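Take a look at the structure set out below.
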Amino acid sequence: MSSTEVPAGNVPATGTTRSGAHRKPAVAVAFISWVTLALMTTSSVASLRPAPTMAVYGLAAIFLYIVPALLFLLPTSMVSAELASGWDGGVYRWVSEAMSPKAGFLAVWCQFAMTITYYPSLLAYVAGTFAYVIDPRLASNGVYTALVIITIYWAGVWVSSRGTKTVAGLSSATLVIGTLVPGAVLVVLGMVFLAQGNSSAAPMDGGHILPAWTGIASLVLIVNNFLSYAGMEMNAVHVGSLRKPGKEFPKAMFLAMALVLLIFILPALAISWVVPSKQLSLTAGVMQAFDGFFNHFGVSWLTPIFGIMLIAASIGGMLTWLAGPSKGLLMISRQEGYLPPVLQKLNKDGVQQNILVAQGVLTTVIALLYAFIPDVSSAYWILSVITTQVYLIMYVLMFISAIKLRRNQPDHPRGYRAPALIALAGIGLVASVAAFAIGFVPPSQFGNGSPLVYVLIVGGGMALVGLLIPYLFLKMRRPSWKTVDPTTPVA
């Protein structure tokens, strides 16, 4: 999942009935090519942010990216495509149809709630990158990291609450400036570096294709790759815009998978060539690589420039994400009464400001972890795992729903039918559950701390954000919370 992904709304569309019967569209469908869909998917998933996490493994990063792509990315893409082509409204509608509206709320809540821990980890990456613009020593300073997270997040809330129309354009521009260009430069510099006869910081021989096995903890970092691929279900809503969904969607997904893997794998390898794994920061690893390459080639003055480019991409994406999931949750809550009226209020610009503020309070509390956990990389990893755990709850519900809908509603019209959907959903379900379980195992890179404390932090964070809060909303739900007309602001 990248910082530029724009989540689709997760509300029951006016073009469908509760039973799933479709009404005729009021306007003609604007078709797109399968190549266009592949590029859209690539731009919404690929990012440089997770590169340092896998660079720790050197050449084994290839294996650690391909395995979750086959076990998670492929099933997610195909399964969500069938669901999106048969039921409008996103994951809330899919899970509600298959299981229950309460389960649907849990699914869409987890899709929203993962951003509560996603923002601190994203902005920690921004803080580590910005440190190389002003003072690289700050990259490992927890207090500095916490202050940057809090400051940028609340500035983003202020901008988003104004209902600015430039956010989408800003996000698209920063994708090219802050992700594609730096990624290509990083890979080219790495190749030139090796071509000059310099030795790689990480072994590049055949004996290091697979990660060294030192117990289950040595493979824990693969969990983070599930989150890297998360969000593919958002792009499945475009399956109806293809002229021949049955033939074109698989081609689009396989091309997108290839491009995403290249964007993820090559920069990770380039980082491993120049930064030894023991010195690699999970928040500032990309800048460590640029700094190393630019110093080697005598153009160190480029380091702060590329740092600003990377920061622009992350902040642009954060602004886009601020409005997306929270708006979907708001609209569902106004129709079904899942949130209290105070959280359903809109400001004068029509923005769900109260939800953003409540989310900001939690984000601020979580950001303070960086100030109290001595190792910034450990805090970054813990928040990334909590984010993954919460999001995996949604994926488990989605895969179960796909199986139930195929079995219980086999004749429901679908624009695209995934081949061997039961098997694909089963693989995705098992992979999600396995990743969820592995997420509670402390990784070998952070083995100095207490495993029990690690489990309590990850489990507590996941239970609080992903389970307890939605349970309380459902428990306290009142008929008066429901707004009949979802377009009318709550007073």
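The values are calculated or read from the model by the stated rules, or taken from the named source; none is laboratory data. Bear in mind that the values here come from a model prediction, so they are computed numbers and not experimental data. So basically every Cβ, Gly included, is an ideal-geometry build from the backbone, and we count neighbours across all protein chains shown. Keep in mind that these areas ignore ligands, DNA and RNA; they rest on the heavy atoms of the full protein, side chains included. Shrake-Rupley method; radii C 1.70, N 1.55, O 1.52, S 1.80 Å.
How about region 339-356: which of its residues are open to solvent by less than 20 Å² (accessible area, probe 1.4 Å) and without any contact (Cβ under 8 Å) to a residue 60 or more places away in the chain? Passing the criteria: Q352, I355. Residue pairs whose Cβ atoms lie under 9 Å apart, sitting 6 or more positions apart in sequence or on different chains, and linking a residue in region 362-377 that is closer than 18 Å to I152 by Cα to a partner that is among the charged types (D, E, K, R) and at pLDDT 80 or above, do not occur here. Filtering region 247-256 down to residues that are open to solvent by 50 Å² or more (accessible area, probe 1.4 Å) and touching a Phe, Trp or Tyr at 6+ places or on another chain (Cβ under 9 Å), which residue is nearest to L39 (Cα to Cα)? If we take residues in region 247-256 being open to solvent by 50 Å² or more (accessible area, probe 1.4 Å) and touching a Phe, Trp or Tyr at 6+ places or on another chain (Cβ under 9 Å), then L255 is nearest to L39 (Cα to Cα).
The requirement of being assigned to a loop (DSSP other than H, G, I, E, B), in contact with a Lys or Arg (Cβ under 9 Å, 6 or more places away or on another chain) and at pLDDT below 90 is fulfilled somewhere in region 475-482, by at least one residue. Residue count for region 401-420 satisfying the condition of being within 18 Å of L71 (Cα to Cα) and surrounded by fewer than 21 Cβ atoms within 10 Å (Cβ to Cβ): 3. Return yes when S85 is farther than 30 Å from F473 by Cα, in a helix (DSSP H, G or I), among the hydroxyl-bearing types (S, T, Y) and open to solvent by 10 Å² or more (accessible area, probe 1.4 Å) and no when it is not. Against the criterion (farther than 30 Å from F473 by Cα, in a helix (DSSP H, G or I), among the hydroxyl-bearing types (S, T, Y) and open to solvent by 10 Å² or more (accessible area, probe 1.4 Å)), S85 qualifies.
You will find that of Y391, Y380, the residue that is open to solvent by less than 10 Å² (accessible area, probe 1.4 Å), at pLDDT below 75 and either closer than 17 Å to W109 by Cα or not hydrophobic (A, V, I, L, M, F, W, C) (or both) is Y380 and no other. Does any residue of region 19-40 turn out to be surrounded by fewer than 24 Cβ atoms within 10 Å (Cβ to Cβ), under 30 Å from M287 (Cα atoms) and modelled with pLDDT under 75? Yes; the residues of region 19-40 include at least one that is surrounded by fewer than 24 Cβ atoms within 10 Å (Cβ to Cβ), under 30 Å from M287 (Cα atoms) and modelled with pLDDT under 75. Do you know which residues across region 161-202 are open to solvent by 40 Å² or more (accessible area, probe 1.4 Å) and modelled with pLDDT under 65? Hits for region 161-202 are T164, K165, T166, A168, G169, L170, S172. Check whether at least one residue in region 53-76 is within 15 Å of the chain's Cα centre (by Cα) and over 22 Å from L255 (Cβ atoms), and report yes or no. Yes, the conditions are met somewhere in region 53-76. Summed over region 418-433, residues that are small (G, A, S) and outside any helix (DSSP H, G or I) total 2.
Here is a check on your reading of the model: is A217 at pLDDT 80 or above, assigned to a helix (DSSP H, G or I) and surrounded by fewer than 19 Cβ atoms within 10 Å (Cβ to Cβ)?
It is false that A217 is at pLDDT 80 or above, assigned to a helix (DSSP H, G or I) and surrounded by fewer than 19 Cβ atoms within 10 Å (Cβ to Cβ).
Each residue in region 42-64 was checked for being surrounded by fewer than 24 Cβ atoms within 10 Å (Cβ to Cβ) and of a type in the set (F, W, Y), and 1 pass. From the list A131, A127, A103, the lone residue that is assigned to a helix (DSSP H, G or I), open to solvent by 10 Å² or more (accessible area, probe 1.4 Å), in contact (Cβ under 8 Å) with a residue 24 or more places away in the chain and hydrophobic (A, V, I, L, M, F, W, C) is A103. Considering region 264-287, the residues that are open to solvent by 40 Å² or more (accessible area, probe 1.4 Å) and touching a helix residue (DSSP H, G or I) at 6+ places or on another chain (Cβ under 8 Å) include one that is farthest from G89 (Cα to Cα), namely Q279.
Scanning region 273-291 for residues being farther than 16 Å from R49 by Cβ and at pLDDT 85 or above gives a total of 4.
Within region 138-146, does at least one residue satisfy the condition of being surrounded by 24 or more Cβ atoms within 10 Å (Cβ to Cβ) and part of a helix (DSSP H, G or I)? Even if it seems obvious, please write down each step before you answer.
Our first condition is that a residue be surrounded by 24 or more Cβ atoms within 10 Å (Cβ to Cβ); within region 138-146, this holds for 145-146.
This time we only want the ones that are part of a helix (DSSP H, G or I), so: 145-146.
Among the residues of region 138-146, at least one is surrounded by 24 or more Cβ atoms within 10 Å (Cβ to Cβ) and part of a helix (DSSP H, G or I), which makes the answer yes.
Does G298 satisfy being of a type outside the set (A, V, I, L, M, F, W, C), farther than 19 Å from L472 by Cβ, out of contact with any Lys or Arg (no Cβ under 7 Å at 6 or more places or on another chain) and at pLDDT 85 or above? Against the criterion (of a type outside the set (A, V, I, L, M, F, W, C), farther than 19 Å from L472 by Cβ, out of contact with any Lys or Arg (no Cβ under 7 Å at 6 or more places or on another chain) and at pLDDT 85 or above), G298 qualifies. The number of residues in region 329-347 that are of a type in the set (A, V, I, L, M) and either over 25 Å from the mean Cα position of the chain (by Cα) or under 13 Å from S480 (Cβ atoms) (or both) comes to 3. Looking at N224, is it part of a helix (DSSP H, G or I), farther than 30 Å from G58 by Cα, at pLDDT below 70 and within 20 Å of the chain's Cα centre (by Cα)? When the stated conditions are applied, N224 does not pass them. Is it fair to say T117 is modelled with pLDDT of 85 or more and among the polar types (S, T, N, Q)? Answer is no for this residue.
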